[in-house]
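The values are calculated or read from the model by the stated rules, or taken from the named source; none is laboratory data. In this text the structure is predicted, and so the values were computed from the model without any measurement. Here the Cβ is made from the backbone with ideal geometry for all residues, glycine too, and neighbour counts use every protein chain on show.
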Amino acid sequence: MSAVDVIGTVTIGFAAGVTSGLLGVGGGILFVPALVIFMDESQLGAESTSLVAIVIVSIVGTWRQRGYGNVRLRDALMIGGLSPLGVLAGAVLANAVPERALELSFAAVQLYFAFTLARDQGLFRRGSTR
Amino acid sequence: MPAMSSRLGRLAVIATAAGAFSALFGVGGGTIIVALLVIWLGYEHREAMGTSLAAIVLIAALAAVTQGLYGNVDIAKGAVIGVPAVAGVVAGTALQQRISQRAVALMFMVLLLVSATVLIVR
């Protein structure tokens, strides 16, 4: 690894951790490109390898959030425990629907969520002071 | 608060959506979990995010084992980038307790927009 790769790995790895802790996500959105750019992984390899980092940060993040009183453990176990259903559904979808259509539909879902949350925050209300 | 059975059904839908999203694109399960816990189950943002992280431990661990069996996981590289990330997650969770719920919500919206953009342009 060159100095640039080391600095890039540390910086983006740290940023991925901050994103994970701050916003409750795994951080794959940063881990995956960092592994591709700085550690010579293929896109597919990076997606798999990023899981190791995601397991590490989510364990530490859960431990911290437990301390802050922000974890509803029973619901979390339910979601995690039933997630293999989704993996199966994903495999079925991947075979039935073109990848581009899947990407665009999931993007649309995220945009819809962003819109809904923005509305709930009153962002579209004129003169909102909240 | 929805009735118990519908609540269970909603958790199952969240689990399925998150698992599918992660399996298909390698990223993104967390955004789905957080958004649906807030929109659908009335969680406040910090709780949704803390609970999402705990669910991700299981989701990512199961996926890592599966991908590991196919020989797709480079544990050393994953651990190397995971080390600075541990410092990051401690800082991130601490920061989250010190800013307003609204600021957290706004940043999460930005993440949703970025994540959607990444899916669209790739």
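Confirm whether A:G86 is part of a loop (DSSP other than H, G, I, E, B) and buried (at least 20 other Cβ atoms within 10 Å of the Cβ). Judged against the criteria, A:G86 is not a match.
Residues that are within 28 Å of B:V86 (Cα to Cα), within 7 Å of chain B (Cβ to nearest Cβ) and touching a helix residue (DSSP H, G or I) at 6+ places or on another chain (Cβ under 9 Å) do occur in region A:85-104, at least one of them. Can you tell me which of (1) among the hydrophobic types (A, V, I, L, M, F, W, C); (2) without any contact (Cβ under 8 Å) to a residue 40 or more places away in the chain; (3) closer than 19 Å to B:A60 by Cα is the one A:A3 doesn't meet? Answer for A:A3: the failing condition is (3).
Just one of the listed residues (A:G27, A:G69) is facing chain B (nearest Cβ under 7 Å) and of a type outside the set (F, W, Y), namely A:G27.
Among the conditions (1) out of contact with any helix residue (DSSP H, G or I) (no Cβ under 8 Å at 6 or more places or on another chain); (2) under 17 Å from A:T62 (Cα atoms), B:A85 misses just one, which is (1). If you go through region B:39-59 one residue at a time, do you hit one that is surrounded by 22 or more Cβ atoms within 10 Å (Cβ to Cβ), touching a residue at least 24 places away in the same chain (Cβ under 8 Å) and more than 7 Å from every other protein chain (Cβ to nearest Cβ)? Scanning region B:39-59, I find at least one residue that is surrounded by 22 or more Cβ atoms within 10 Å (Cβ to Cβ), touching a residue at least 24 places away in the same chain (Cβ under 8 Å) and more than 7 Å from every other protein chain (Cβ to nearest Cβ), so the answer is yes. The set of residues in region A:6-23 that are touching a residue at least 40 places away in the same chain (Cβ under 8 Å) and closer than 13 Å to B:V34 by Cα comprises A:S20, A:G21. Residue-level analysis places B:V114 outside the set of residues that are farther than 18 Å from A:S105 by Cα, in a helix (DSSP H, G or I) and of a type outside the set (S, T, Y).
Apart from one condition, A:T62 fits all of (1) part of a helix (DSSP H, G or I); (2) under 18 Å from B:F21 (Cβ atoms); the exception is (2). Of all the listed residues (B:A94, B:A85, B:A79), the sole one being closer than 25 Å to A:L73 by Cβ and surrounded by fewer than 24 Cβ atoms within 10 Å (Cβ to Cβ) is B:A94. Every listed requirement among (1) more than 7 Å from chain A (Cβ to nearest Cβ); (2) closer than 28 Å to A:I37 by Cα; (3) surrounded by fewer than 24 Cβ atoms within 10 Å (Cβ to Cβ); (4) of a type outside the set (D, E, K, R) is met by B:Q67 save one, (1).
Which of the residues belonging to region A:1-33 are polar (S, T, N, Q), assigned to a helix (DSSP H, G or I) and surrounded by fewer than 24 Cβ atoms within 10 Å (Cβ to Cβ)?
Residues satisfying the conditions are A:T9, A:T11.
All of (1) crowded, with 20+ Cβ neighbours inside 10 Å; (2) more than 23 Å from A:G21 (Cβ to Cβ); (3) polar (S, T, N, Q) hold for B:S6 with one exception: (1).
Do we have B:V57 as aliphatic (A, V, I, L, M), assigned to a helix (DSSP H, G or I), at pLDDT 95 or above and more than 20 Å from A:E47 (Cβ to Cβ) here? Considered against the rule, which asks whether it is aliphatic (A, V, I, L, M), assigned to a helix (DSSP H, G or I), at pLDDT 95 or above and more than 20 Å from A:E47 (Cβ to Cβ), B:V57 comes out as no.
Within 18 Å of B:F108 (Cα to Cα), within 7 Å of chain B (Cβ to nearest Cβ) and crowded, with 18+ Cβ neighbours inside 10 Å, is that true of A:G45?
No, not satisfied.
The condition of being over 22 Å from A:Y112 (Cβ atoms) and either more than 7 Å from chain A (Cβ to nearest Cβ) or not basic (K, R) (or both) holds for B:A87.
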